[in-house]
Amino acid sequence: MTGKYFGQPIKRLEDKHLLSGRAKFIDDIEIPGMLHAAFLRSDYAHAIIKKIDVSEARKHPGVVAVYTAEDFGDYWKPGPLQVPPPTAIKGSQFNARTLVPIAKGKVRFSGEPVAIVIAESRYIAEDALEDIIFDAEPLPAVIDLEKAWEDTSVKVHDDLPSNLAALVKQEAGNYEEAKKQADVVVSRKLYADRVAGAAMENRGFVVNWDERNQEMVVWATTQAPLPLRIAIAGKMNLIENQVRVITPFIGGGFGPKIMTSQADDVLLPWISMKLNKPIKWLEDRRENFLATTSERDQVHYCEIALKKDGTILGFKDVFYHNTGAYDPYGMTVPLNTQTHTVSNYRIPNFYTEIRMVFTNEMVVTPVRGAGRPEGVFVMERMMDAAAKELKMDPAEIRMKNLLKPEEFPLKTGIIGQDFVEGVLDSGDYKGNLVKLLEMVEYEKFRKEIQPQARKEGKHLGIGVVAFTEGTAVGPYEGARVTIGNNGKVSVATGISTQGQGHFTVFAQIVAEQLNVKVEDVKVITGDTNHFHWGAGTFASRGATIAGTAIHNASVLVRQKIFATASKFLGVPEDQVELCEGSVCVKGKPEISISLGELAGKANPMRGAVEADVKPGLEATAYFAPPHGATGSGACAIIVDVDPETLKIKIDRLVLVHDCGTVINPLLLEGQIQGAISMGIGNAFYEKIVYDENGQLLTASFMDYLMPQATDMPNKMEIGHLHTSSPLNPLGMKGVGEAGAIPTPPAFVQAVEDALIEYNLDIADSNLNPSMIFEYMHRSKK
Amino acid sequence: MTKLFPVSINVNGQVYERQVEARLLLSDFLRHELGLMGTHVGCEHGICGACTVLFDGEAVRSCLIFSVQASGHEIRTVESLGTPENLHPLQEAFSEKHALQCGFCTPGFLMTLVPFLEQNPHPTDDEVREAIDGNICRCTGYEKIIEAAQEASKKMSSR
């Protein structure tokens, strides 16, 4: 559906302030008398704390206070479980060991905070960190996931019998029975490597306890302002409306900014109240790598059972998932892996088992993709392995098994992160692949381009994969739409914004319903005083869930406009129509009332009104889907590999995508392109690496390589299909994570294809030249 | 008492005289001494390029320069380009082509591209790609930034 505003490639309303350097980010917040915080972090990954001597630091000129865990008294407690495990999965085990705000007695990962300094400037606070004597006795670090699972392993949490954080077995159909019917069974061990969210702006937190007003104002770079408010109020024994959380412009989210129980979230409100002073903390890049969260890091044992003709009978996946030292985010990530492993294909029998383990590493929570890339990676790698075994073309075996549009809605039998059984709502998965093969000229590549290149000694390879993206999950979001007396419209919602373009797409939704100019709609996100219900920005649910709530509220305001205008214009409602910014009588445009004037009339200051009338042209609405909507797509990558240097050039990258109804095609393209670059980064540049002692070897942009402009293909070719989701009135599905999901398996398949004479069998999702060299070397042997 | 040094720095055409610590980074000087918050700090180790400013006309990383080193020199920040009401053609092109999302890295890209486009009014896509290779953007995948630079080169040469 495309309207006057909805569906149009409208330039963003937020751009002017961002481009001219006038937008306010967290570090731009200055309050008179503000103090600055810095954390001392443990270099050891696993150690018993012997002594922390802060006496010299306390004497440092300009230092106001220094705290260790003991100084917080009873306030020190492990944080809340941000995401509980779904109770619906029978027989599942989950051991909650939530984040502690600051290490007490024992350190469980390198980078864990052990002391905090409050000083007049950040420079002084960091100077004083040098004065602290931290004495600890190192313990062996738990790093290897499979070894960590063994009962004989050193334990991360001494009060647990093992490092088991969760054990979840789910089965749809009966895999072992299916295996008996199979002509071939292919098995592989696969690795999904770990990556950082690496938003360009690190995290930040400013808090000001106002003793006179008994109010705490918090500015934070959070993806979840309302959960953060609930968390702070709970810890500080305040009622929620004594805490105001405001998100300024945020320099990217990508998942890790969803946390509400990190050291800063918990300790700084207490310190601000204690000192009665505003305090600012800004994370630096090293801290972001060491101690904010990151994701992926799974080891999979997979088996696929097929008929000779390539029909899949069953799939089995037992995987180890690293949750790091604590598991505050429950099982969201590995549950997403379970739901996304088989979601594209018709797989009647599926057994999947999560073995989630504690390690002495930073905590794992979602990063763009959030378990989905791992599931899609293992499924697509197994399709490649099966195709090789059956001597089938990789595109052909996929086409044969992809679900058909008439099979939806399809219950998957697997319970996901939204606590309900997965339902694939709609889509045309085969259509995605058909369109992809046309766009990338697959036949021509196989029959002409690749053979010709090989004759010339070039190593060109292609990878073709399919994927889904579970999006738009519950529980709910809400919004309030209000017409002002100046005729402009304000919209407030509870989610926050990290660059997605909400200020524009939400305005488009409202403008379409109320026939006002897009630039006359002011969108407010992430200020708990403006709207105080909501869960946050994650799982591609901003435009879909908050957007639908905004649509619903706009529809109600539109109804109220018609009812009110009918009264004041003295004509029946069906004789009233919306002109731009005003309401007029059909066929008599000279009889009209501006929206601003009507808003004033809807809010009389004297006289009597009808008993059930609510003042103003305003409405609040909510939206809660029964389950998530599933976007889908297919991706092809053509690489040109130099087998000597293993420099890889991406000649072409084509991605076909279906996210249902599109609000703004310009911004949609931006979302897809950005996620593709993250996928390329994951596939060939980025990798979080710990050594056997739990030391992070990639704690800067020198060692953790981000994809740069010259690493990208000349053009990302993007194709679209539109199958509407039946789950919301606008037919939308989310898109934020899509591009990051299929890129690594497509890249790996393409590299194998380019180096076909080496007969590689690549098991890793994140490659680099030396890894490929090793694969080639091993293969030659 | 920490020793302070006098500096005199021309920022966006105005001379500022301050007493600063020798170790004060230029980025912190601009942001916290002068309140010019458009220069963003992304990594503080000279890789991401978000803090790029012009130093006597050349793009440099303000997180790798001490403010005392800038004394007697001319600095230009993103605030010198355009205002929300009157954007620079490069800023206009960024908006038209959707070359920014979160906008945090954007001032660094703008300050890298301004001198580049002045010196190369009609660059190829590959030349733009090379020019911005030292600036990291996590949101856009760079393609639209390259389109915006090309659009800006048209706008700037037609003025």
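Residue under question is A:Thr698, and the condition is that it be at the interface with another protein chain (Cβ under 10 Å from one of its Cβ atoms) and either over 21 Å from A:His340 (Cα atoms) or free of Cβ contacts under 8 Å to residues at least 60 places away in the same chain (or both); does it hold? Taking the combined requirement at face value, the residue does not satisfy it.
Residue count for region B:1-43 satisfying the condition of being polar (S, T, N, Q), farther than 19 Å from B:Leu54 by Cβ and in contact (Cβ under 8 Å) with a residue 40 or more places away in the chain: 0. Conditions: (1) without any contact (Cβ under 8 Å) to a residue 60 or more places away in the chain; (2) within 16 Å of the chain's Cα centre (by Cα); (3) farther than 22 Å from A:Gln671 by Cα; (4) not in a helix (DSSP H, G or I). B:Phe116 meets all but one. Number of the miss? All conditions are met except number (4). For the structure I just gave you, tell me whether B:Leu64 is away from chain A (no Cβ under 12 Å), touching a Lys or Arg at 6+ places or on another chain (Cβ under 6 Å), farther than 18 Å from A:Gly251 by Cβ and in contact (Cβ under 8 Å) with a residue 12 or more places away in the chain. No; evaluated as a whole, the condition is false for this residue. Only one of the listed residues (A:Lys51, A:Lys4, A:Lys90, A:Lys16) is basic (Lys, Arg), away from every other protein chain (no Cβ under 14 Å) and free of Cβ contacts under 8 Å to residues at least 12 places away in the same chain. That residue is A:Lys90. Among the residues of region A:230-289, those that are of a type in the set (Asp, Glu) and more than 23 Å from B:Ile136 (Cα to Cα) comprise A:Glu240, A:Asp264, A:Asp265. Scanning region A:302-356 for residues being buried (at least 24 other Cβ atoms within 10 Å of the Cβ) and either in a strand (DSSP E or B) or aromatic (Phe, Trp, Tyr) (or both) gives a total of 18. When region A:220-250 is examined, which residues are found to be within 14 Å of another protein chain (Cβ to nearest Cβ) and in a strand (DSSP E or B)? A:Phe249 - this is the single residue of region A:220-250 that is within 14 Å of another protein chain (Cβ to nearest Cβ) and in a strand (DSSP E or B). Taken together, A:Leu727, A:Leu767, A:Leu721, A:Leu760 contain a single residue that is out of contact with any helix residue (DSSP H, G or I) (no Cβ under 6 Å at 6 or more places or on another chain), in the same structural domain as A:His300 (by TED's automatic domain parsing) and modelled with pLDDT of 95 or more, which is A:Leu727. The single condition among (1) within 13 Å of chain B (Cβ to nearest Cβ); (2) in contact with a helix residue (DSSP H, G or I) (Cβ under 8 Å, 6 or more places away or on another chain); (3) among the hydrophobic types (A, V, I, L, M, F, W, C) that A:Leu40 does not satisfy is (1). With respect to (1) surrounded by fewer than 21 Cβ atoms within 10 Å (Cβ to Cβ); (2) within 26 Å of the chain's Cα centre (by Cα), the lone exception for A:Ser121 is condition (2).
Residues are listed down the side, and each one gets a yes or a no for (1) over 19 Å from the mean Cα position of the chain (by Cα); (2) over 30 Å from A:Ala763 (Cβ atoms):
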site: A:Val245; (1), (2): yes, yes
site: A:Pro269; (1), (2): yes, yes
site: A:Lys274; (1), (2): yes, yes
site: A:Asn288; (1), (2): no, no
site: A:Ala291; (1), (2): no, no
site: A:Glu295; (1), (2): no, no
site: A:Gln298; (1), (2): no, no
site: A:Lys307; (1), (2): yes, no
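Taken together, the residues in region A:256-314 that are among the hydrophobic types (A, V, I, L, M, F, W, C), over 21 Å from A:Leu40 (Cα atoms) and touching a strand residue (DSSP E or B) at 6+ places or on another chain (Cβ under 7 Å) amount to 8. Which one is nearest to A:His17 (Cα to Cα) among residues in region B:80-104 that are surrounded by fewer than 22 Cβ atoms within 10 Å (Cβ to Cβ) and facing another protein chain (nearest Cβ under 7 Å)? The selected residue is B:Pro84.
When you check A:Lys277 against the structure, is it assigned to a loop (DSSP other than H, G, I, E, B) and either surrounded by fewer than 24 Cβ atoms within 10 Å (Cβ to Cβ) or among the aromatic types (Phe, Trp, Tyr) (or both), yes or no? Yes.
The values are calculated or read from the model by the stated rules, or taken from the named source; none is laboratory data. Only a predicted model underlies this, so the values are computations on that prediction, with no experimental measurement involved. Cβ coordinates were reconstructed from backbone atoms using ideal geometry, including for glycine residues, and neighbour counts include every protein chain displayed.
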